[in-house]
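Participant: Would you mind keeping the following structure in view while I ask a few things?
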Amino acid sequence: MSFTSLGFWAFCLAVVGVYYITPHRYRWACLLAASYVFYGTFGLDVPAVLIGLTAVVYTAARFMERTESKRRRRILLAVCVGVPIGALIVFKYLNLFWETIQSVGNALLQARPIAPLSILAPIGISFYVFKLVSYSLDVYHRKVPVERHAGYFALYVAFFPQILAGPIERPGQFLPQVRQPVAFDLDRLLAGGRLVAWGLFKKMVIADRLAYYVGEVFLAPKYKGLHLLLGAYCYYFQIYCDFSGYSDISTGVSRMLGLSAPKNFDYPYLSRDVSQFWTRWHITLSSWLRDYLFLPIAYAVMRRFEADRWLRIPVEGWSYAIGMSVTMLLGGLWHGAAWTFVAWGALHGVFLVTSFGTKGLRRRVVRAIRLNRLPRLHRAISIFLTFQLVTLAWILFRATSFENAWTYLRYMQFRLPHAGRVNLFLSLGLVCILLGLEYVQRHVDELTVLERVPVEVKAVGCALFVVILIAFSVDTSNAFIYFKF
């Protein structure tokens with residue numbers, strides 16, 4: 001059941017209606033049942049993994065709470081973390097590892113081909129496994145109390161607006177909210193509806209139409225010239241609109257149910273360096289990787305050094321470089337079971353480590369050429385260069401193979417063939433519309449003229465927006481890009 005289908009919205013409106021007429025003490029059961037029904041529409045066997053992992057982590061965490069033995073707590077933590085991560089590896093990565101072993105065996109030993117594995121990963125497993133791991137670690141370190149109510153905990157893991165592609169909400173943010181009584185509020189319902197409409201617009205009007213041009217360029221990149229560069233730019237906006245559109249829909253549905261969700265995107269194309277990009281793109285994943293992967297690795301590396309420097313490089317530099325490299329490699333692998341995703345993560349790791357190591361040099365260069373006296377120009381140049389680096393990495397992310405990525409880069413030129421120009425201009429027009437609308441969103445507090453617009457005109461504008469959304473949407477069956485991750 002896609003977020004863009006009429007079936008989902010009939011289901012969603014029914015859930016909202018039942019939710020508000022249900023007494024508060026039973027609302028968790030309403031949402032949990034709705035979440036399992038929604039997840040079950042992708043296959044009756046799909047919820048089995050979700051329910052099994054939820055039961056294991058809930059039970060082990062309860063035992064962890066009851067014991068003070070450090071050894072037992074560590075064993076139980078290993079269960080809480082190891083079982084979900086093990087399931088993720090088996091369902092999502094075993095095919096990749098098996099194919100890699102086969103390829104190496106065929107190349108070195110000329111071994112007989114073995115039948116490939118055909119393990120299908122349950123949709124959304126990458127997201128709810130990270131929820132389970134963060135809960136386990138937070139309970140182990142006593143950052144959050146263990147959740148004794150099995151229903152609340154199951155709802156945290158399976159909450160239907162978030163289960164397929166996030167946001168990756170922390171237990172300390174979500175669980176306290178489900179205990180609070182929520183009264184029906186028409187303004188909150190309308191605010192959530194507006195956010196849903198904006199998300200649908202970004203997905204169905206912008207992202208899905210950009211996908212036509214981007215798909216054609218990446219499918220056959222030979223002799224496409226400047227289309228390749230512009231196609232990579234368009235893919236940046238396609239995946240941004242696709243994923244942030246999902247996040248807006250998810251947040252909007254949560255708001256309609258009286259629950260707040262964490263912000264997942266903050267205009268990442270305006271980032272001034274790659275480090276800032278990762279504080280603006282998929283924010284809940286970035287913060288998860290920082291807290292549960294990067295910081296533990298970085299601190300562990302620092303403890304290994306006895307001196308303040310090694311090879312004339314400060315220990316902080318080594319800890320950052322090692323921690324960030326490992327984090328981005330694993331972050332790339334998390335995105336998909338293909339080595340191109342690992343390479344994408346590794347490339348971002350190179351960008352981040354280089355940025356960290358050259359901070360002082362870049363500041364001296366800026367002062368030397370007096371660019372610091374022109375802050376707007378400095379900001380524009382920084383945004384432009386960061387946009388190029390991130391776009392370069394997106395080529396690896398979108399490519400079907402290393403060969404496809406190399407062909408793409410090889411044929412990139414500044415000559416624009418006639419074929420495909422109409423699709424290009426339409427795509428660039430869509431990007432301009434997006435940038436214009438998001439500019440208004442960022443500066444809405446400064447545009448006081450909007451406050452003087454009559455309510456009737458605003459209502460007509462909203463109705464017109466819905467008509468445009470319906471008229472220009474591409475296809476309600478198009479899945480979100482991050483559903484496969």
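Participant: Work out which GluC sites (Glu not before Pro) in the chain are exposed loop sites (DSSP not H, G, I, E or B, at most 12 other Cβ within 10 Å) and give the longest gap free of them.
Facilitator: Between the exposed loop sites, the longest stretch runs 69-305.
Participant: Taking the Cβ of R442 as the centre, find all other residues whose Cβ is under 13 Å away and add up their charges (Lys, Arg: +1; Asp, Glu: -1).
Facilitator: -3
Participant: Additional query: Using DSSP to define loop residues, name the chymotrypsin sites (Phe, Trp or Tyr not before Pro) in region 156-218 whose beta-carbon has at most 16 other beta-carbon atoms within 10 Å.
Facilitator: In loop regions of region 156-218 (DSSP not H, G, I, E or B), the sparsely surrounded chymotrypsin sites (Phe, Trp or Tyr not before Pro) are F184.
Participant: For log10 I(q)/I(0) by the Debye sum over Cα atoms at q = 0.09, 0.10, 0.11, 0.13 Å⁻¹, the choices are (i) -0.73, -0.84, -0.95, -1.16; (ii) -0.60, -0.75, -0.92, -1.32; (iii) -0.72, -0.90, -1.09, -1.46; which was calculated from the structure?
Facilitator: Checking each listed value against the structure points to (iii).
Participant: Kindly write out, for region 199-215 in residue order, the coupling ³J(HN,Hα) from the Karplus curve 6.51 cos²θ - 1.76 cosθ + 1.60 (θ = phi - 60°), rounded to whole Hz, with x marking Gly and Pro.
Facilitator: x, 5, 4, 4, 6, 7, 9, 8, 4, 5, 7, 4, 4, 4, 5, 4, x
Participant: In whole angstrom, how far apart do the alpha carbon centroids of region 278-294 and region 222-246 sit?
Facilitator: Region 278-294 and region 222-246 have Cα centres separated by 23 Å.
Participant: With all protein chains present, how much of the accessible area of the chain (probe radius 1.4 Å) comes from carbon and sulfur, to the nearest whole percent?
Facilitator: Reported share for carbon and sulfur atoms: 65 percent.
Participant: State which stretch of the chain is the longest one without any exposed trypsin sites (Lys or Arg not before Pro), exposure meaning a DSSP loop state and at most 11 other Cβ atoms within 10 Å.
Facilitator: Longest gap between qualifying sites, sites excluded: 1-141.
Participant: Using modelled amide H (1.01 Å from N, peptide plane; none on Pro or chain starts), what sits under 5 Å from the amide H of W310, excluding residues fewer than 5 places away?
Facilitator: V315
Participant: Applying the Karplus parametrisation 6.51 cos²θ - 1.76 cosθ + 1.60 with θ = phi - 60° to the phi angles of region 129-137, what ³J(HN,Hα) value in whole Hz is obtained for each residue in order, glycine and proline being reported as x?
Facilitator: 5, 5, 4, 5, 5, 5, 4, 4, 5
Participant: Counting other Cβ atoms within 10 Å, keep those with at most 16, restrict to DSSP loop, and tell me which chymotrypsin sites (Phe, Trp or Tyr not before Pro) in region 280-330 are left.
Facilitator: Those satisfying the criteria are F305.
The values are calculated or read from the model by the stated rules, or taken from the named source; none is laboratory data. Values in this document were obtained by computation on a predicted structure and should not be read as measured data. No Cβ is skipped: glycine too gets one built from the backbone with ideal geometry, and neighbour counts run over all protein chains shown. When the accessible area is computed, the model is the full protein with side chains, heavy atoms only, and any ligands, DNA or RNA have been set aside. Shrake-Rupley method; radii C 1.70, N 1.55, O 1.52, S 1.80 Å.
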